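Right, one structure below, let's go through it.
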Amino acid sequence: MDALITTVATSLATGLIGYGIWILQENRKMKMRLKEKDLEQQKALDKQRREMLEEVDRIQSKEINQMIELNIADIKQCLYDMHREYSAKGYMPGFLKETLQAKFKYYHSHGGNGHGEFLYDEMMKLPEEDPEKDKGGL
């Protein structure tokens with residue numbers, strides 16, 4: 001009877017040990033699957049983030065280009081207005097020429113056309129003081 005009890009106890013112990021090993025192996029497999037799933041999710045999130053950043057960049061670039069185009073159009077209108085006004089006066093104060101230079105530099109560096117350059121050159125040739133001012137004092 002002792003032999004039977006020893007045999008049963010040994011069989012049970014072996015079975016429990018085998019079951020414990022199987023549980024550990026399944027647990028290890030589960031951890032591996034979870035790590036793989038986490039990695040897949042991280043890759044998906046990284047891809048989504050990258051796509052979102054690209055879309056934001058595309059939208060911002062479009063907006064910036066539209067703002068530059070609008071700014072160029074405003075400067076062109078300013079060149080026309082200044083040219084009309086100061087050509088009629090026959091002179092252009094020096095401080096306005098400095099402003100004109102800054103505006104034209106931006107206009108030209110962002111693709112402003114040759115007609116704007118013609119207007120700029122014409123205005124820069126104007127004297128800085130009213131030529132009639134000297135005639136009236138004599």
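The values are calculated or read from the model by the stated rules, or taken from the named source; none is laboratory data. Computed from a prediction, not measured in an experiment: that's the story for all the values here. Neighbour counts run over all protein chains shown; Cβ positions are idealised from the backbone, glycine included.
Please find, among 21, 17, 68, the residue that is surrounded by 10 or more Cβ atoms within 10 Å (Cβ to Cβ), under 24 Å from the mean Cα position of the chain (by Cα) and β-branched (Val, Ile, Thr).
68
Determine if region 71-94 includes at least one residue that is surrounded by 10 or more Cβ atoms within 10 Å (Cβ to Cβ), among the small types (Gly, Ala, Ser) and not in a helix (DSSP H, G or I). Checked against the condition, which is being surrounded by 10 or more Cβ atoms within 10 Å (Cβ to Cβ), among the small types (Gly, Ala, Ser) and not in a helix (DSSP H, G or I), region 71-94 yields at least one hit. Listed by first and then second residue, the pairs linking a residue in region 35-59 that is in contact (Cβ under 8 Å) with a residue 24 or more places away in the chain to a residue that is not in a helix (DSSP H, G or I), with Cβ atoms under 7 Å apart and 6 or more places separating them unless they lie on different chains, form an empty list. Put simply, of 98, 122 the only residue that is exposed (fewer than 14 other Cβ atoms within 10 Å of the Cβ), assigned to a helix (DSSP H, G or I) and modelled with pLDDT of 90 or more is 98. Scanning region 78-99 turns up at least one residue that is of a type in the set (Asp, Glu) and within 39 Å of the chain's Cα centre (by Cα). Looking at residue 117, is it closer than 30 Å to residue 133 by Cα, of a type outside the set (Gly, Ala, Ser), modelled with pLDDT under 90 and assigned to a helix (DSSP H, G or I)? When the stated conditions are applied, residue 117 passes them.
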